[in-house]
Each structure stands twice: as structure tokens, then as C-alpha cells.
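Each remark here refers to the structure printed beneath this line.
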Amino acid sequence: MPAGCIPIRKEASAIILKTHGIVLGQTPYGSQDKTLTLLTSDYGMIQVIAKKPNGKKSRLAAACEVLAYSEFCLMEGRIRYILQTADLEENFFGLREDLASLSLAGYLCELTRSLLPQKETGAETLRLLLNTLYLLEKKRRSPTFLKAVYELRLMCLSGFQPDIEGCAGCGTEEGDMWLLPGEGIALCGECLPHFIESAVRTPYRVPFPEAARRAFIYVIGAEEKKIFSFKLDPKAEKAFGEAAEAFTLFQTGSRFPTLDFYKSVADETPPKPIT
Ligand SMILES: [Zn+2]
């Protein structure tokens, strides 16, 4: 049994566990079963087999959909968990009515899967994802803003924290800079040429205006409950979004098909002013 789990029932040597979680992905397993990738509050990300979830007598179908949030009852198998029952609590139905929002949610799930949240960070990562999806569904904040906050905070939770309090060259903490997403540092306009001169390869960099860097600093250090409690004007929000995405892609070294799809369907018009 994974550490920290509380067995609630023991049946013929099988251990039954309960946890809350959201479905990050599903793939067919055999002809009628499915493998679910769950982000859970107690065990981080885990793989679960759902037996015939679409069978006539099954009540599991809705809880096995991607983005469904449920209380799951699981039996611990030799390799994976086996889904016993699921009590659906939220399915973010509103996201399914908007292709851009749904595709962004799909990217957030794929990114989360790629970072393999562990038991220690599972609960906070789950809360971050649920809150992001809620705000996206209710259109409380722009997709650009929510995507950037989620990417950056998730990266920090996963051990990838950029060092952008000030310029990595001279230490200044004021003014517009450049973000070097591969190195995870910021450089001012004066220090960047020196860095490039001494670098083996010219580093990729994106503009990092002061407002975007302040947003990074806020998201990295904010209390969990206040992580979305800041505002940016549309120009700063765009720069914040581009910097967060570049940092995420360079640090993970991954390409995400769901991100490409989101960009192909996203409305590129600027977000409405925040009231
Ligand atoms: Zn500098």
C-alpha cells in the first residue's frame, strides 16, 4: 500500500482505498476496459484500470471522462489500481460547450501528465487545476492569464522554479529585461550582449517587461488562495503569457499536441478589461 494511504476495507487480501481526483487522460485497455490517468489528492498521479465503464450496467461512464472530478474507490492491484466505484462531483460541463476553453483544458491536463505530480504535491496540484478550470469555465479571467498562472505555478510545484527576481548579470531589479527560458534566468538589456558573447550557443530569449516579471514573482511566491488575485493590462498579460509558455516548453523539453491544437482554435482577440 502506498505510504500515507488509509485502508478502509480489506477484502480477501485486496486493499480498498478512497481518494478524490480528476481524470487527466484515458486510453483503451483491451476491448472494453480503459486505463485512466488520475491526479489525486492523496497519491499524486496514478494509473487506474476501469473495467467496462461503458457497459450497460456501469455507472462509471461519466466519472471516466477526461476532466471529471470524483471521489474514487480503488482496489490496489499488483501493478495498477482497479476502479471500484466513483461518485462524480464535478464534470466542468461548461468547458465542453466552448472548443477553445475545452482545448486549453486538454493542454493543462497533458502538461500535468507530463510532469508526473507526486504524492507530496498531488493535493496542491489538484486544487490548482480545479481552481483554474473553474475560473476558465466561468470566464472569470482570460484564458491567456489562467494558462500562464497554471503553467508557471505547476512548473514551480514540479521543481522548475525560474530565478528572475533580478538580472542574473548585474543584479538590478528594475526595468524591462529578457527572459532566457532555457536557463531560467532574466537579463537586463546591458548584460544580455555579454552573456551572448560568452555563450556556446546563442540562447533563446523572449521579451520580459517589468510587469510580466512582477507577475512571475507574484505567482512563484503567492499564497495558494491568492494566486489568481492580481491584474495585468492586456499588453503585460500577453508578455506574461508568452514568457510563461516559453519557460514551460524549454524546461520540459516537450511539445504538446494539445497546445498546438488550442492555438489553432483560440480566439486571438485581446481579453476584455478586468473589472
Ligand atoms: Zn544586468
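The values are calculated or read from the model by the stated rules, or taken from the named source; none is laboratory data. The shown structure was predicted, so the numbers you read here are calculated from the model rather than taken from an experiment. FYI the Cβ positions are ideal-geometry reconstructions off the backbone, even for glycines, and counts take in every protein chain you see. With ligands, DNA and RNA removed, areas are computed over all heavy atoms of the protein, side chains included. Shrake-Rupley method; radii C 1.70, N 1.55, O 1.52, S 1.80 Å.
General remarks:
- Area of residue 176 that stays accessible when all protein chains are in place (1.4 Å probe, Å², to 10): 110 Å²
- Think of a 1.4 Å ball rolled over the protein heavy atoms: the chain then has 52 Å² of accessible area per residue.
- Taking packing as the residue-averaged number of other Cβ atoms within 10 angstrom, the listed peptides 21-32, 104-115, 153-164 run from highest to lowest as 104-115, 153-164, 21-32.
- For the chain, adding -39500 (n - 2.57) for each run of n ≥ 4 DSSP H residues and dividing by the number of residues yields -11500 deg cm²/dmol at 222 nm.
- In terms of its C-alpha gyration tensor, the range 9-91 comes out rounded, because the ratio a/c of the largest to the smallest axis stays below 1.5.
- Charge tally in the Cβ shell below 11 Å around residue 136, where Lys, Arg are +1 and Asp, Glu are -1, residue 136 excluded: +3
- Under 13 Å, Cβ to Cβ, from residue 50 - net charge with Lys/Arg +1 and Asp/Glu -1: +3
- The range 9-91 - percent of accessible surface contributed by carbon and sulfur, probe 1.4 Å: 46 percent
- Cβ-defined net charge surrounding residue 188, 11 Å radius [Lys, Arg +1; Asp, Glu -1]: -4
- The listed residues 237, 89, 120 rank as 120, 89, 237 when sorted by accessible area, largest first, using a 1.4 Å probe.
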